[in-house]
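The values are calculated or read from the model by the stated rules, or taken from the named source; none is laboratory data. Please read these numbers as outputs of a predicted model, since none were measured by experiment. Ideal geometry is used to build each Cβ from the backbone, glycine not excepted, and the neighbour counts take in all protein chains shown. Keep in mind that these areas ignore ligands, DNA and RNA; they rest on the heavy atoms of the full protein, side chains included. Shrake-Rupley method; radii C 1.70, N 1.55, O 1.52, S 1.80 Å.
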Amino acid sequence: MGNPFDQEVIDAVTGHMNADHPEDSLLIVRALGDQRDATSAVMTGLDGAGADFEATVEGRPVTVRVPWSRPLTERPELRLEVVRMYHEACELLGVEPRGAQEH
C-alpha cells in the first residue's frame with residue numbers, strides 16, 4: 001500500500017510540527033516512541049500507518065517510528081491523531097497538557 005498522503009501534505013504537517021510544536025514532538029517521542037532520554041525531536045515524515053521522527057538521544061540522532069492508533073487516509077485525521085498522541089504522551093509522562101485552543 002502506498003502512502004495516502006502526498007508530499008505537499010507531508011511537508012505541511014512536518015513543517016507545522018517542527019516550527020510550532022517541537023515540544024509536542026519531543027513528548028510524543030519520549031512517551032510513545034520509547035525514547036525517554038530524548039532531548040529534542042523533529043518530525044521527518046508520515047504515512048497512513050504512523051509518524052517518523054529524528055530524536056537526539058545522548059547526543060546522537062535516533063530514528064523513531066510512532067504508529068497511529070489506526071490507519072489514516074484523510075488529511076483532517078492527521079491533526080486529530082497528532083493531538084491524541086500529544087495528550088496520551090502528556091498523560092504517560094505526567095505533564096499537564098495545554099488548552100485545546102492552543103493546538
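Starting from residues that are open to solvent by 20 Å² or more (accessible area, probe 1.4 Å) and either part of a strand (DSSP E or B) or touching a residue at least 24 places away in the same chain (Cβ under 8 Å) (or both), keep the ones in region 58-73 and report whichever is farthest from ASN18 (Cα to Cα). In this case the residue turns out to be THR73. If only one of LEU46, LEU27 is over 16 Å from PRO67 (Cβ atoms) and of a type outside the set (Gly, Ala, Ser), which one is it? Being over 16 Å from PRO67 (Cβ atoms) and of a type outside the set (Gly, Ala, Ser) holds for just one of LEU46, LEU27, which is LEU27. Quick one: would you say MET17 is open to solvent by less than 70 Å² (accessible area, probe 1.4 Å), under 17 Å from GLU81 (Cα atoms), touching a residue at least 40 places away in the same chain (Cβ under 8 Å) and of a type outside the set (Gly, Ala, Ser)? The answer is yes for MET17. In region 26-42, the qualifying residues are those that are in a helix (DSSP H, G or I) and either in contact with a helix residue (DSSP H, G or I) (Cβ under 6 Å, 6 or more places away or on another chain) or farther than 17 Å from THR14 by Cα (or both), and the one that is most open to solvent (accessible area, probe 1.4 Å) is ARG30. Can you tell me which residues in region 74-86 are open to solvent by less than 80 Å² (accessible area, probe 1.4 Å) and of a type in the set (Asp, Glu)? The answer is GLU77, GLU81. Among ALA55, ALA51, ALA89, which is in contact with a strand residue (DSSP E or B) (Cβ under 8 Å, 6 or more places away or on another chain), buried (at least 17 other Cβ atoms within 10 Å of the Cβ), more than 19 Å from ASP11 (Cβ to Cβ) and among the small types (Gly, Ala, Ser)? The unique qualifying residue is ALA55.
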